[in-house]
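The values are calculated or read from the model by the stated rules, or taken from the named source; none is laboratory data. Remember, it's a predicted structure, so these values are computed and weren't measured experimentally. Note that each Cβ is placed from the backbone with ideal geometry, even for glycine, and that neighbours are counted across all protein chains shown. These area figures cover heavy atoms from the full protein model, side chains too; ligands, DNA and RNA do not enter into them. Shrake-Rupley method; radii C 1.70, N 1.55, O 1.52, S 1.80 Å.
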Amino acid sequence: IVQYVIRTRNSIILDDASSEDQFSFDQYVLRHRSRSILCLPLIKQGKLIGVLYLENNLSPRVFTPSRVAILELLASQAAISLENMQLYVEIEEREAKIRRLVDANIVGIFIWNSEGRIIEANEAFLQMVGYRKADLRPDGLSWADLTLREWHEHDERAAEALRTTGIVHAYEREFRTNNGSRVPVLIGEAAFGGQRDEGVAFVVDLTERKRAEAEARESERRRREAQYELEHANRVAAIGQLSASIAHEVNQPVAASITNAETALRWLGAENPNLQKAREALGRIADDGRRAADVIGRIRALIKKEPPSMVGVEINETIREVIVLTQGEMTKNGVTLLTRLADGLPLVQGDKVQLQQVILNLIINAAEAMASSDEEPRELHIATNSTDSQSVLVLVADTGPGLASTNYERLFDAFYTTKPTGLGMGLPICRTIIEAHGGQLWASANLPRGAVFQFTVPLLPAE
Ligand SMILES: Nc1ncnc2c1ncn2[C@@H]1O[C@H](COP(=O)(O)OP(=O)(O)O)[C@@H](O)[C@H]1O
Ligand SMILES: [Mg+2]
């Protein structure tokens, strides 16, 4: 009977259940010899929330229409009470969940009102800002107490957002703590109800994270500084290796200048001074002086200690300037230099001094390799090419004995060297520099003998 009422939501009134067809074979009715039965669905706003079941096993027809009318009234009241009770239980459960969220102190939570008072706050929040529960009196802790001056303007805008949308999305800010220090936090706010005169804020302490970030920045800065130092030392060492040839290179124009100066003096001191000849000799002195100054200028640029700066670099000119410095060394070792620098290459993005350092290291390695063997001819090839629209390729190849191992990657390990006085830092530094430029550096075998080193440098992006 109850099942039937639940299913159909119709009331059932049986005058004498034991003698009526529909339910007379019901097990329950048989066992209890039920007589009068009344079963009403308790319905509230179209929802079945219960069933009222009454029975009388002594007499039939006890549920007269007037009694039924009263019972129906009672049933509708019962339905309302039942529903209310359920709502109270639900509210209590929800309230308990919220309390748990607040008291778990996983994030700081506080409730504010439109006068800017903090009317409730959990331990996590109070600890962040250095206050106690006792400070949350009606005339106690306020939003203003927690706010640093530079945040006033922002807070006015946030208050406006709260009024219009009811929400301030999570953002980072600082609060002033009880002892006047600053605490960095992540905070989000939401206003309650239609009035929006109270609301809740969720606060996460970012102190630890900020400290870790600052520490990471600091160690990255130190790492980069150590890297500059290392690169600089490597550049100075490379120049040092070339110093004898470079001194010779500078000496030559100086010696030539002296000769030319003597010639000029002679032409001027003659009985009939030959001004034209004297002028030519002075012109040659000026040219030689410029040549010497040029070489010294290049060396100073390479030895200068400055953090790299990425600008547009003409790669061929960059290479030619290095070649000037290594020319003497090549001649000394009987090495022929063959260049094939492609015309009209676009600018690459890089630090000129660092790129020159890479080329210098590769040329010195090639020269040392060829000097260590008797194989002829000794040729150094330097070529540039535009590989694709992304970068420029630079190639340095020699006809020396070639690479000792076929595991070419090992060459780029720090301290890997096959030379008695080698440091093994040249190639690792080259690779660090090229990778910092966004390019790649690799080694391979030359044919019929020797080694090839190639690297790419990305182009300067078009504005
Ligand atoms: N052009 C080359 N031909 C043959 N071997 C080379 C060449 N360039 C580099 N290498 C090998 O790579 C090693 C590492 O080079 P590098 O890092 O410049 O350190 P170092 O020159 O101090 O040895 C060298 O010792 C040498 O064995
Ligand atoms: Mg080297």
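Among the numbered conditions (1) touching a Lys or Arg at 6+ places or on another chain (Cβ under 9 Å); (2) surrounded by fewer than 19 Cβ atoms within 10 Å (Cβ to Cβ); (3) small (Gly, Ala, Ser), the only one that Gly344 does not meet is (1). Sub-8 Å Cβ pairs linking a first residue in segment 396-413 that is of a type in the set (A, V, I, L, M) to a second residue that is assigned to a helix (DSSP H, G or I) and within 15 Å of ligand 2 (Cβ to nearest atom), at least 6 apart or interchain, are Val396/Ile359; Val396/Leu362; Val396/Ile363; Val396/Ala366; Ala397/Ala366; Leu403/Leu411; Leu411/Leu427, ordered by first then second residue.
The conditions of being under 34 Å from the mean Cα position of the chain (by Cα), within 12 Å of ligand 1 (Cβ to nearest atom) and open to solvent by 20 Å² or more (accessible area, probe 1.4 Å) are not met by Ala369. Return the residue satisfying two criteria in turn: it lies in segment 90-106 and is open to solvent by 70 Å² or more (accessible area, probe 1.4 Å) and of a type in the set (A, V, I, L, M), and of such residues it is modelled with the highest pLDDT. Here the answer is Ile91.
Return yes or no: is Val183 surrounded by 15 or more Cβ atoms within 10 Å (Cβ to Cβ), closer than 19 Å to Val107 by Cα, in contact (Cβ under 8 Å) with a residue 40 or more places away in the chain and in contact with a Ser or Thr (Cβ under 7 Å, 6 or more places away or on another chain)? The answer is yes for Val183. How many residues are of a type in the set (Gly, Ala, Ser) and either within 14 Å of ligand 2 (Cβ to nearest atom) or modelled with pLDDT under 90 (or both) if we restrict to segment 366-415? Residues meeting the conditions: 11. Being touching a helix residue (DSSP H, G or I) at 6+ places or on another chain (Cβ under 8 Å), of a type outside the set (D, E, K, R) and over 27 Å from Leu230 (Cβ atoms) is a description that applies to Asn333. Note on segment 372-390: residues that are within 11 Å of ligand 1 (Cβ to nearest atom) and either farther than 18 Å from Leu423 by Cα or crowded, with 22+ Cβ neighbours inside 10 Å (or both) amount to 2. Which residues, taken from segment 399-420, are more than 16 Å from Leu441 (Cα to Cα) and either of a type in the set (Gly, Ala, Ser) or near ligand 1 (Cβ under 8 Å from one of its atoms) (or both)? Of everything in segment 399-420, those that are more than 16 Å from Leu441 (Cα to Cα) and either of a type in the set (Gly, Ala, Ser) or near ligand 1 (Cβ under 8 Å from one of its atoms) (or both) turn out to be Gly400, Pro401, Gly402, Ala404, Ser405, Tyr416, Thr417, Thr418, Lys419.
The set of residues in segment 227-242 being free of Cβ contacts under 8 Å to residues at least 12 places away in the same chain and either on the phi > 0 side of the Ramachandran plot or open to solvent by 60 Å² or more (accessible area, probe 1.4 Å) (or both) consists of Glu229 alone. The requirement of being closer than 20 Å to Ala247 by Cβ, away from ligand 2 (no atom under 16 Å from the Cβ) and either over 38 Å from the mean Cα position of the chain (by Cα) or in the same structural domain as Pro420 (by TED's automatic domain parsing) (or both) is satisfied by Lys332.
From the list Glu172, Glu198, Glu189, which one is in contact (Cβ under 8 Å) with a residue 24 or more places away in the chain and touching a Ser or Thr at 6+ places or on another chain (Cβ under 8 Å)? Exactly one of Glu172, Glu198, Glu189 is in contact (Cβ under 8 Å) with a residue 24 or more places away in the chain and touching a Ser or Thr at 6+ places or on another chain (Cβ under 8 Å), namely Glu198.
Per the listing Ala144, Ala78, the residue uniquely within 30 Å of Asn10 (Cα to Cα), touching a Gly at 6+ places or on another chain (Cβ under 8 Å) and touching a residue at least 12 places away in the same chain (Cβ under 8 Å) is Ala78. Residues that are in contact with a Leu (Cβ under 8 Å, 6 or more places away or on another chain) and among the hydroxyl-bearing types (Ser, Thr, Tyr) within segment 130-173 comprise Tyr131, Tyr171, listed in sequence order.
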